[in-house]
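A.B. asks: Mind looking over this structure? Questions follow.
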Amino acid sequence: MGSNLSPEYAYTVVYVKDVAKSVAFYSKAFGYHVRRLDESNRWGELESGPTTIAFTPIHQRETDDRSGAVQTPHSDRERPPMEVCFSYTDVDAAYKRAVENGATPVSKPEDKEWGQRVGYVRDVDGIVVRMGSHVAKPTKQD
């Protein structure tokens with residue numbers, strides 16, 4: 001009897017200083033609907049299609065003791081070893097909304113050589129957020 005070990009990507013967990021503040025920020029700045037924010041403000045989720053964006057505090061006993069403490073950047077010249085990426089049809093409008101709702105501008109949207117329009121901001125915790133257009137599938141060349 002074979003096993004079914006084909007995974008389905010379910011969550012990205014973002015460690016933040018203030019879960020409620022981050023959930024509210026992502027909802028306003030990037031247009032996501034809040035799925036859940038527990039009463040303790042230690043877990044929040046946003047609707048993001050087939051996967052979930054989840055938020056939890058940077059420090060918590062359950063994970064720090066088991067998997068180590070989350071490392072955070074010490075200056076604006078450093079960033080966490082991750083980037084959150086969102087796809088939009090209108091990257092310029094998405095970038096504008098994010099900045100108007102508290103995101104820190106990093107670079108305005110521009111067309112990239114691989115056929116995508118991309119802009120960057122930082123969220124309330126300094127995490128880099130990439131906002132990009134959908135990349136067209138390569139055309140078959142003869």
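A.B. asks: Report, by residue number, each residue of segment 13-53 that is assigned to a strand (DSSP E or B) and surrounded by 15 or more Cβ atoms within 10 Å (Cβ to Cβ).
C.D. replies: Val14, Tyr15, Val16, Leu37, Gly44, Glu45, Leu46, Ser48, Thr52, Ile53
A.B. asks: Search segment 101-115 for residues that are more than 16 Å from Phe25 (Cβ to Cβ) and pair each with any residue that is open to solvent by 100 Å² or more (accessible area, probe 1.4 Å) when their beta-carbon atoms are under 6 Å apart and the residues are at least 6 apart or on different chains.
C.D. replies: Final answer for the pair search is none.
A.B. asks: Could you tell me how many of the residues in segment 78-133 are of a type in the set (Phe, Trp, Tyr), touching a helix residue (DSSP H, G or I) at 6+ places or on another chain (Cβ under 6 Å) and open to solvent by 60 Å² or more (accessible area, probe 1.4 Å)?
C.D. replies: Number of matching residues: 0.
The values are calculated or read from the model by the stated rules, or taken from the named source; none is laboratory data. Being a predicted model, the structure only gives us computed values, none of them experimental. With ideal geometry, Cβ positions are generated from the backbone for all residues, glycine too; neighbour counts draw on all protein chains shown. Each accessible area value is taken on the protein alone, full model and side chains, heavy atoms only, with ligands, DNA and RNA left out. Shrake-Rupley method; radii C 1.70, N 1.55, O 1.52, S 1.80 Å.
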